[in-house]
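The next block holds one structure in the form of structure tokens; read it before the comments.
Read the figures in this text as sums done on the coordinates, not as results from a lab. Computed from a predicted model, the values in this text were never measured in an experiment. Cβ: placed from backbone, ideal geometry, glycine included. Neighbour counts: every protein chain shown.
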Amino acid sequence: MNRPLAAALPLIALISASSAAQTAPAPIQQVEVTGSAAVDARRTDTAGRLTVGRDELARYGDSTLSAVLKRQPGISVANGDIRMRGLGAGYTQILVNGEPVPQGFSIDSIAPSLIDRIEILRSGSAEYGTQAIAGTINVILKKAGGAPLRDLTLGAAARPGYSNPNASLRVSDKRGQLAWSVAAELSRLQTEYVGRIRETSADAAGALTDDRLVDERNYSTTTRLGLAPRLTWTLANDDKIEWQAVLDRMRQSAHGGMGETVQLGDPTRYPDNSWGIHSTAHSERSDVTWTHTVDGDGKLLVKAGVNRNTRENDYLFLGESAQETLARSVLSNVIDNTAKLSGKYLAPIGDAHSLGLGWESGRTSRSEYRLQRDTTFAGAALAPPLDEDYQAAITRLALFAQDEWHVTPRLELYLGMRWEGLRTATEGRTLDQVRGQSGVLSPIASLQWKLPDSEKDQLRLALTRTYKAPTSRQLVPRRYTTNNDNGPANPDVRGNPALRPELAWGVDGGYEHYFGKSGMASVSAYARKVDQVIVQTLHQENGAWMASPINNGKAVTWGIEGDTRMALGSRVDLRANAARNWSRLDAVPGPDNRLAEQVAATVNVGVDYRHSPALTFGANLNLQFGGTTRLSAERSAYSGPSRTLDVYALWKIDPGTQLRLSGADLLARDGASSLAYRDANFGTARATTVQARTQVKLVLEKRL
């Protein structure tokens with residue numbers, strides 16, 4: 001039996017025995033989006049948005065938001081990248097409080113304890129933006145409350161050889177017309193990466209010429225502090241001024257090494273190597289919103305905000321062979337600054353229409369600096385220093401209009417139009433300024449039709465025009481070098497300042513059936529046609545392999561999704577969802593010419609069992625299937641299946657105290673992936689296996 005699971009079983013048994021021996025206490029009273037409320041909101045919303053409430057956010061005691069999202073319908077997680085429709089690389093729009101996150105922002109930097117709910121939209125929205133070819137995930141932070149609140153959460157997660165403590169505190173109150181809240185999260189995360197890489201090469205005839213096994217082991221310690229203060233001031237005329245900020249501080253130390261075992265052929269240039277890095281990252285978001293009531297029913301909202309993200313790295317690579325040594329030091333920093341100003345007017349028109357008009361403007365600037373020095377272990381210079389400095393700026397202006405039209409009691413129609421203009425400018429020490437300009441006009445139409453003679457069945461249909469803009473990192477031509485074994489399966493990477501946005505037309509349709517108090521079942525399908533797709537090209541430059549992004553060709557992607565939840569009696573709740581995705585990229589020959597290494601399928605099956613009012617158990621099985629993706633005529637990638645089992649036990653000790661025990665990845669299945677290159681002259685491949693680790697976490701939640 002897995003050791004962490006075996007260690008947890010006595011505590012689970014103790015919790016069960018304690019709850020059976022006492023009168024069940026009343027549950028903790030909280031205002032939250034429950035499963036039933038989430039189903040009702042989805043049922044009545046014209047766009048059919050899915051809502052993940054506090055109950056689901058806290059259920060498994062997850063320390064990262066990606067762990068919560070992977071259980072939701074149609075969402076997958078690959079290498080920390082949140083994907084809808086299986087598509088990564090920016091096809092999914094991520095918002096915080098309705099605002100786009102800055103580039104380079106990690107959704108896992110927001111602790112789940114700071115979040116009120118998450119909204120998932122499968123199609124574009126005139127109000128929230130159309131940079132969402134795959135869909136939109138909107139993270140809503142906790143707001144300033146009315147009643148006094150003091151919530152404390154203490155937790156500790158354990159993996160073999162590691163303990164990861166965390167603590168969060170939320171305080172809110174109200175004094176007259178001023179309501180305020182502060183949420184804080186402090187955590188330490190220790191991780192260990194253990195992997196094995198098999199590198200092989202073959203000649204034109206397919207005969208093996210090289211075969212190496214590379215054992216890799218990396219360690220990291222990350223300390224993170226998050227703060228989310230909020231103020232709401234209600235003025236005498238019922239206007240409101242709201243200030244919200246999110247501050248994140250991260251410090252990370254990591255080190256690792258690789259060692260080769262040559263089974264055939266020659267070793268790499270540095271068969272024994274090690275590295276270390278010290279990183280700091282700061283993220284600050286702040287915005288002020290003024291809400292003004294117009295003629296009793298209408299609302300005018302004006303918002304101004306600033307974002308700043310900085311990251312500094314001090315990296316050292318040490319490589320050694322029988323002939324030479326290399327000490328490569330790299331000092332680098334990245335700064336992303338964003339300023340934005342927006343406004344919108346929302347008002348009902350009669351009994352049938354809800355009008356929305358608005359505008360958004362913003363400017364994002366990114367600066368990158370990198371200084372690389374290569375010497376021997378003795379300090380002798382091996383090459384001139386590589387000193388790079390680049391700046392990129394993206395200016396955005398958007399105008400939108402929308403109307404939610406209640407055509408009949410059974411038919412609701414959403415019509416929207418959004419125009420977004422983008423200007424990009426990139427320059428550097430060795431690069432003259434490169435400018436780009438584009439505009440996207442996005443019509444949006446969706447309908448919700450309740451079938452005749454039924455209050456439980458309805459159909460949805462949506463047509464949208466969406467796009468995906470290149471990130472500032474893709475625009476900056478900074479070179480990210482490979483320290484050892486540069487090759488077509490392990491190239492250097494550089495941006496392209498001439499990139500243009502990808503454009504897409506999409507259609508979504510679905511059928512929903514509701515039953516019982518909170519039961520529902522749905523099936524939906526989607527299709528997208530994408531133009532000006534950004535793909536990676538591969539070429540040799542001064543003897544080194546280099547990958548760069550370019551716009552090339554068209555793609556189509558389509559898929560189906562099923563989702564259901566139901567109650568079996570008064571004690572058992574069941575949840576299940578599954579999705580299957582396909583795509584085809586015409587710039588790459590088939591088979592397997594999928595878009596953006598699309599995740600092919602996802603499956604989730606979950607169950608919650610209420611043993612008593614005080615004690616609840618639950619489990620969720622997550623399956624994710626990747627497969628082979630053809631990246632070009634010569635390159636292909638493979639991602640193996642992922643099988644994850646998570647469990648939890650929740651004990652409500654008294655009305656203000658509860659204890660949560662959870663286990664993550666109890667199956668502990670190793671991950672597998674590979675990247676291969678083959679042309680008429682030779683072939684090479686890198687197959688990687690990563691060791692999985694189970695984690696057990698105990699969390700105490702206390703209302704003070």
Legend entry - Full-stretch length increase - Leu235, Val607 - with 0.36 nm per residue and alpha-carbon distance subtracted: 129.3 nm
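Subtract the Cα-Cα distance of Arg435 and Thr376 from 0.36 nm times their separation in residues, and report this length gain in nm to one decimal. Spell out each step's value before the answer.
Working: separation 59, 0.36 × 59 = 21.24 nm, distance 4.05 nm.
Going from the current span to full extension adds 17.2 nm.
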Legend entry - Pair Asp586, Arg643: separation of 7 Å Cα→Cβ label points (nm): 4.0 nm
Inset, instruction - Calculate the length of the line joining the C-alpha centroid of region 500-524 to that of region 209-254, in whole Å. - result: 31 Å
Inset, instruction - Quick one: net charge around Thr232, please, counting Lys, Arg +1 and Asp, Glu -1 for every other residue with C-beta under 10 Å from its C-beta. - result: +3
Legend entry - MRE, 222 nm, helices only [DSSP H, n ≥ 4, -39500 (n - 2.57), over the chain, to nearest 500]: -1500 deg cm²/dmol
Legend entry - Net +/- balance of residues flanking Gly506 in space, Cβ distance below 9 Å, scoring K and R +1, D and E -1: +2
Legend entry - Spin-label model distance (nm) - Asn542 vs Thr261, 7 Å beyond Cα toward Cβ: 3.7 nm
Legend entry - Qualifying chymotrypsin sites (Phe, Trp or Tyr not before Pro) for region 132-202 [loop in DSSP, other Cβ within 10 Å: at most 13]: none
Legend entry - Unit charges on C-beta of K, R, D, E only; dipole of region 446-547, Debye: 300 debye
Inset, instruction - With a point put 7 Å past each Cα toward its Cβ, work out how far Thr564 is from Leu415 in nm, to one decimal. - result: 3.8 nm
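Calculate, in nm to one decimal, what Ala352 and Asn333 gain on full extension: separation in residues at 0.36 nm each, minus their alpha carbon distance. Intermediate values should be presented prior to the final figure.
Numbers: separation 19, 0.36 × 19 = 6.84 nm, distance 5.32 nm.
The Ala352-Asn333 span can extend by a further 1.5 nm.
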Inset, instruction - Using only the Cα atoms of region 168-318, build the gyration tensor, take square roots of its eigenvalues as a ≥ b ≥ c, and label the shape rounded, prolate or oblate: rounded if a/c is under 1.5, else prolate if a/b is larger than b/c, else oblate. - result: prolate
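Can you give me the orientation-averaged projected area of the convex hull built on the Cα atoms of region 440-559, in nm²? Could the numbers behind the result be given before it?
Working: hull surface 45.9 nm².
Computing the convex hull of the Cα atoms and averaging its projections yields 11.5 nm².
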Inset, instruction - Calculate the length of the line joining the C-alpha centroid of region 637-704 to that of region 552-578, in whole Å. - result: 20 Å
Legend entry - region 562-704 - Rg (one decimal) and Dmax (whole number), Cα, Å: 21.3, 71
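When 1/r is averaged over all different Cα pairs and the result inverted, which Kirkwood radius in Å belongs to region 186-274?
Numbers: mean 1/r = 0.0557 Å⁻¹.
This gives a value of 17.9 Å.
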Inset, instruction - Rounded to the nearest 10 degrees, what's the angle between the helix 3-20 long axis and the longest principal axis of the chain, both from Cα atoms, 0 to 90? - result: 10 degrees
Legend entry - Residue (of Ser168, Ile94, Gln532) at the positive-pole extreme of region 3-703, dipole from beta-carbon charges: Ser168
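Write down the Kirkwood hydrodynamic radius of region 3-703, to one decimal in angstroms, obtained as one divided by the mean of 1/r over all alpha carbon pairs. Don't skip to the end; give the middle numbers.
Numbers: mean 1/r = 0.0365 Å⁻¹.
By the Kirkwood definition, the hydrodynamic radius is 27.4 Å.
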Inset, instruction - Restricting things to alpha carbons, tell me how big region 275-394 is in terms of Rg and Dmax, in Å. - result: 25.2, 83
Legend entry - Using alpha-carbon coordinates, inclination of helix 35-44 to the longest axis of the chain, degrees: 80 degrees
Legend entry - 16 Å reach of a label modelled at Tyr162, 7 Å along Cα-to-Cβ, counting backbone N of region 193-212: 193-196
Legend entry - Separation of alpha-carbon centers, region 66-137 and region 424-443, rounded to whole Å: 25 Å
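Take the chain, mark every one of the GluC sites (Glu not before Pro) that falls in a DSSP loop and has at most 12 other Cβ within 10 Å, then report the longest stretch left between them, sites excluded.
Details: sites that count: Glu324, Glu455.
That would be 1-323.
Pop the C-beta distance of Asp453 and Ala147 into the FRET formula with R0 = 25 Å and round what comes out to the nearest 0.05. Let's see the in-between values first.
On the way: r = 44 Å, r/R0 = 1.77.
The calculated FRET efficiency here is 0.05.
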